[in-house]
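Below: one structure, written as structure tokens.
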Amino acid sequence: MSDTDLTVIEVFADVVCPFAHVGLRRWVDRRDELGRTDVRLRVRAWPLELINGAPMDAEAVAGKAADLRAQVAPNLFGGFTPAAFPSSSLPALALTHAAYRHSLEAGERTALRLRELTFDEGVDVSKPEVIDQVIDELDLPIPDISDDDSVTKDWDEGRQRGVVGSPHFFTPDGGAVFCPTLDIHKEGSHLAVHFDEGAFAHLIAACFG
């Protein structure tokens with residue numbers, strides 16, 4: 001099936017966002033259950049380190065990852081370690097764009113793989129040797145300056161389209177929703193997290209008709 005025959009769901013997200021890791025995996029798992037090979041994700045860059053003016057704090061992310069694993073995602077975050085948390089997500093976001101230049105399938109596979117490495121395998125995807133490893137593993141084109149520039153271009157476009165955070169989904173019916181898979185509240189020093197079944201069901205209906 002060629003890219004022109006596919007339905008595309010756009011998502012603005014950062015590689016180092018633990019909520020996006022849960023949301024993307026849950027969406028893909030449901031798609032696989034439905035057998036909908038005609039629908040693909042296009043994961044766009046939402047570079048939190050540029051938006052926040054500082055790199056993501058590894059220990060803070062570790063706390064969120066632990067809460068997510070304990071409450072809603074026991075199959076994720078098993079290999080996460082703050083010591084290997086990326087110093088920057090920009091190389092991984094650029095690589096994702098390069099993969100999408102090759103095909104939708106390659107782009108989606110790369111977006112998911114980079115998050116698996118970061119959160120499930122404890123690998124620092126900001127390291128050049130890791131980027132090279134993913135290029136070899138997935139047979140991807142080498143990123144160029146256009147892929148680096150794509151990160152800020154996605155950020156600019158996301159702001160114009162009303163993106164408020166990671167992950168933010170855009171559906172074929174013109175809908176847009178921020179973090180639709182999770183209901184998150186702060187309780188003391190931890191997060192109280194639940195699956196938002198209603199919002200997720202609405203997202204799936206909008207994506208798959």
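The values are calculated or read from the model by the stated rules, or taken from the named source; none is laboratory data. The structure presented is a predicted model; accordingly, all values stated were derived computationally and were not measured. All Cβ positions, glycine included, derive from the backbone under ideal geometry; neighbour counts span all protein chains shown.
Yes or no: the range 101-109 includes at least one residue that is within 22 Å of residue 55 (Cα to Cα), touching a helix residue (DSSP H, G or I) at 6+ places or on another chain (Cβ under 6 Å) and buried (at least 22 other Cβ atoms within 10 Å of the Cβ).
There is no residue in the range 101-109 that is within 22 Å of residue 55 (Cα to Cα), touching a helix residue (DSSP H, G or I) at 6+ places or on another chain (Cβ under 6 Å) and buried (at least 22 other Cβ atoms within 10 Å of the Cβ).
Test each condition in (1) buried (at least 16 other Cβ atoms within 10 Å of the Cβ); (2) part of a helix (DSSP H, G or I) for residue 123 and report the one that comes out false.
(2)
Which of the residues spanning the range 178-209 are of a type in the set (Val, Ile, Thr) and at pLDDT below 95?
Within the range 178-209, 181, 184, 193 qualify.
Output the number of the condition that residue 205 fails; it satisfies all remaining conditions of (1) surrounded by fewer than 19 Cβ atoms within 10 Å (Cβ to Cβ); (2) more than 23 Å from residue 33 (Cβ to Cβ).
(2)
Among the numbered conditions (1) charged (D, E, K, R); (2) assigned to a helix (DSSP H, G or I); (3) over 22 Å from residue 7 (Cβ atoms), tell me where residue 108 comes up short.
Of everything listed in (1) charged (D, E, K, R); (2) assigned to a helix (DSSP H, G or I); (3) over 22 Å from residue 7 (Cβ atoms), residue 108 misses just condition (3).
Can you tell me which of 102, 97 is under 15 Å from the mean Cα position of the chain (by Cα) and either under 19 Å from residue 189 (Cα atoms) or not polar (S, T, N, Q) (or both)?
97
Determine, yes or no, whether residue 135 is under 17 Å from the mean Cα position of the chain (by Cα), at pLDDT 95 or above and assigned to a helix (DSSP H, G or I).
Against the criterion (under 17 Å from the mean Cα position of the chain (by Cα), at pLDDT 95 or above and assigned to a helix (DSSP H, G or I)), residue 135 does not qualify.
If I filter the range 153-168 for residues that are part of a strand (DSSP E or B) and either charged (D, E, K, R) or surrounded by 12 or more Cβ atoms within 10 Å (Cβ to Cβ) (or both), do I get at least one hit?
Yes: one or more hits.
Taking the range 71-94, which residues are farther than 16 Å from residue 24 by Cβ and either assigned to a helix (DSSP H, G or I) or modelled with pLDDT under 95 (or both)?
71, 82, 83, 84, 90, 91, 94
Looking at (1) crowded, with 20+ Cβ neighbours inside 10 Å; (2) over 25 Å from residue 103 (Cβ atoms), can you tell me which one residue 150 breaks?
If we test residue 150 against (1) crowded, with 20+ Cβ neighbours inside 10 Å; (2) over 25 Å from residue 103 (Cβ atoms), just (2) comes out false.
Could you grab me the full set of residues in the range 103-152 that are in contact (Cβ under 8 Å) with a residue 24 or more places away in the chain, of a type in the set (A, V, I, L, M, F, W, C) and farther than 23 Å from residue 84 by Cα?
104, 106, 140, 142, listed by residue number.
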